[in-house]
Amino acid sequence: MMTSIDHGAGLRLRLFIVAGSPGSRIALSNLERVMAEAGIDRASVEIVDVSEAPDKAVAAGVLVTPTLDVTRGDRHFQISGRLNDVPGVIGRLAG
Amino acid sequence: MTESVPAQEAPRRPAPGTKAPTGIPGVDEILGGGLPRGRPTLVIGDAGAGKTVFCLQALVNGATHSGEPGLYLSFEEDGGGLRRTVESFAWGGVPDDLHFHDALVGDDFESQGDFDLAGLLAILDHLCERHGISRIVLDGLDQLVGLLPDPVVREHETRKLLGWIRARDRTLILTGKALGDPAVLRFGLAGIEYGVDCVIRLERERSGGTVRRTFNVAKYRGSAHAENAYPYAITSKGIAVSYLASYVPDMNRAAGVLGTVPTGVYDLDEMLRGGLIRGSTTLLTGSPGTAKTTLSGIFIDAACRRGDRALMVLYDDYPDRVVANLRSIGLDLKSHVDNGLLRLEYIVSSASGPEQQVAVILNWIAEHGPACIVIDPLSALVRSGRNRFEIDAAEKLIQTLRARDITAVMTSLTDAENHETSASHISTVADTWIHLDYGIRSGERNRVLTIVKARGIGHSNKVRELVLGDDGVRLDKVYPLEQGMLIGGARIAREQQDFAQAREDRQSVADRLQRQAQDRLRLIDRIAQLSEELRQIDRVGNGGASDDDQH
């Protein structure tokens, strides 16, 4: 069953990765599944390669990769790791 | 988040292969010059050991004195807190070339599967390039790595970090928490000690009721280093490790070229054939009230009158009280304080451990640069004479004073039986040992002084009576008896008695001589009379003829 995400709340996702890193590749793949299953518009997702744009990671307070930086309305949180638990990630985004 | 500091031209980095001095007293000597430059060092210790202070001090000194900008990432404390820590020490504030990056791993850190440190390394690359960083501290990395559930991944990631630091030729300090036994690291960094080039242990030991911290280099790949555990203290100037290199004999001292330092008591200087040897340590022992502080004060006063800088450290007594007491014998120590020659300090003995106390004293010495010092009493530092932490600390102090040619007088209380137990070990280390005692006789208590030993001085072995007067101290000769001696009023009475007897004896001799002279005159007269009588008899027997007529 698809979890409902209120897109009107201004969902913004940024996945911080390091290109070529196995963990980052897996996280990208899992994020694709999250987007597909939760119906998240690609336009609200940004992929940031930390090796190319470290200042963005510094500004976002990111420590490790992969890290999904989530802004939804006035809520902000980060999920680090490969996002293996896709339903769990969707639930967190919807919560 | 990294604080907003304008990008600047990266300073020229020191050549690889050399060592990175920490600037922490004692540490670089133990490390043979400093931390391995361009290599990782692990600092292990339990809570409160001073890991963060060590790291901050090494970065501040690197930025301030070695031209090596530093970057501090703490996974346990924010940059604001660390800045306040730096400012709380007497390091001259936060240097411009020290940068903090918040890497706090809080309770809100969420993870979904394994993460890796590739992003962290990319961020480090960015910050290092931006600020020209030479030294990096990762404090509390175990907080982050410990969140990785798989131990194989943890080890892989930490090895990746170590490889990164070597490839970038930057000096890295990692902190690790000891888990009970200091040999065991918390799980987050387990095994990392095998991958780093240098491992430093900050440990705490307990002996009786005394706790001391020790510094030990457990490993230093490809470098000689001192191997023992050395006590250290954390003072207002940060960490100071007690380490003294091998003693190098001073031939000038051995030859007596350094000369003597007057004690301020003329009679005592006479007993010592001129005074104390410059740079020597004198232990002044005695029970309470035997004038130890008085003699110490006179020594300090004499030093300042010569124009020498002096330091007087008082244990458990306030300087103003001691100054007031010494004024009663005409010493004006306040004037020396006012003109900057004398520094008076006090220590509450129960407030800190022996290492801490010695570190504080050494800080005062470094700041004031005294030629003479008094520690009154040393027995407040070495309380039992059996606690090795206390003895080690006192020996460290004495050796440092010797190395700096500071002439020292240290007092020590004796117990009820008049045994010098409190500092019995120190008395063997001291160059000169002067003992003060009481003698009770004829209802009087009087002070006596003896020189128990004085290395390198042909000193007097006589017991002297110490007399305190308004004009200072003098040492009178005692009145020796077959068994014991007379001092004080008994001595004076006996001396007066002896004087009277001697005068009487002299008169008696004079009278006798006069009588003998008169007897002699009488005898001469008698002899003359008898001779005349004999001539008369001879003249009658010869019929009035002379001797010539008989031939």
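The values are calculated or read from the model by the stated rules, or taken from the named source; none is laboratory data. All of these numbers come straight from a predicted model, not from anything done at the bench. With ideal geometry, Cβ positions are generated from the backbone for all residues, glycine too; neighbour counts draw on all protein chains shown.
For region B:120-146, filtered to residues that are of a type in the set (G, A, S) and in contact (Cβ under 8 Å) with a residue 60 or more places away in the chain, the residue that is nearest to the other protein chains (Cβ to nearest Cβ) is B:G140. For region B:359-372, give me each residue that is touching a residue at least 40 places away in the same chain (Cβ under 8 Å), out of contact with any Lys or Arg (no Cβ under 6 Å at 6 or more places or on another chain) and within 23 Å of B:Y230 (Cβ to Cβ). The answer is B:A359, B:V360, B:I361, B:L362, B:W364, B:I365.
Filtered by the rule that a residue be within 12 Å of chain A (Cβ to nearest Cβ) and either free of Cβ contacts under 8 Å to residues at least 24 places away in the same chain or more than 38 Å from the chain's Cα centre (by Cα) (or both), region B:89-106 gives B:H101, B:D102, B:A103, B:L104, B:V105, B:G106. For B:D320, the criteria (1) charged (D, E, K, R); (2) crowded, with 20+ Cβ neighbours inside 10 Å; (3) without any contact (Cβ under 8 Å) to a residue 12 or more places away in the chain hold in every case but one, which is (2). For B:L117, the requirement of being within 14 Å of chain A (Cβ to nearest Cβ) and either touching an Asp or Glu at 6+ places or on another chain (Cβ under 9 Å) or at pLDDT 95 or above (or both) is met.
Can you tell me which residue within region B:47-88, out of those that are assigned to a strand (DSSP E or B) and either within 28 Å of the chain's Cα centre (by Cα) or away from chain A (no Cβ under 14 Å) (or both), is farthest from B:L117 (Cα to Cα)? Among residues in region B:47-88 that are assigned to a strand (DSSP E or B) and either within 28 Å of the chain's Cα centre (by Cα) or away from chain A (no Cβ under 14 Å) (or both), the one farthest from B:L117 (Cα to Cα) is B:G70.
Residues checked against (1) of a type outside the set (V, I, T); (2) within 18 Å of B:K51 (Cα to Cα):
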residue	(1), (2)
B:F75	yes, yes
B:R83	yes, yes
B:L121	yes, no
B:V152	no, no
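Residue-level check: of (1) polar (S, T, N, Q); (2) within 33 Å of the chain's Cα centre (by Cα); (3) modelled with pLDDT of 85 or more, B:T210 misses just (3). Filtering region B:83-100 to residues that are within 23 Å of B:L189 (Cβ to Cβ) and surrounded by fewer than 22 Cβ atoms within 10 Å (Cβ to Cβ) leaves only B:T85.
Here the helices (runs of 4 or more DSSP H) wholly within region A:18-95 that include at least 2 residues being more than 10 Å from chain B (Cβ to nearest Cβ) are A:22-38, A:86-94.
Being touching a Lys or Arg at 6+ places or on another chain (Cβ under 6 Å) and either of a type in the set (A, V, I, L, M, F, W, C) or under 23 Å from B:T41 (Cβ atoms) (or both) is a property that B:L104 lacks.
What number of residues within region B:364-415 satisfy the criterion of being assigned to a loop (DSSP other than H, G, I, E, B) and among the polar types (S, T, N, Q)?
Here is the first cut: in region B:364-415, the residues assigned to a loop (DSSP other than H, G, I, E, B) are B:369-371, B:377, B:381-387, B:404-406, B:414-415.
Those left that are additionally among the polar types (S, T, N, Q): B:384, B:387, B:414.
So the answer is 3.
Residues in region B:325-344 that are over 21 Å from B:A366 (Cα atoms) and surrounded by fewer than 17 Cβ atoms within 10 Å (Cβ to Cβ): B:N325, B:R327, B:S328, B:G330, B:D332, B:K334, B:S335.
Screening B:I44 on (1) under 31 Å from the mean Cα position of the chain (by Cα); (2) assigned to a loop (DSSP other than H, G, I, E, B); (3) modelled with pLDDT under 95 shows it passes everything except condition (2). Within the set B:R186, B:R159, the sole residue that is at pLDDT below 75 and among the basic types (K, R) turns out to be B:R186.
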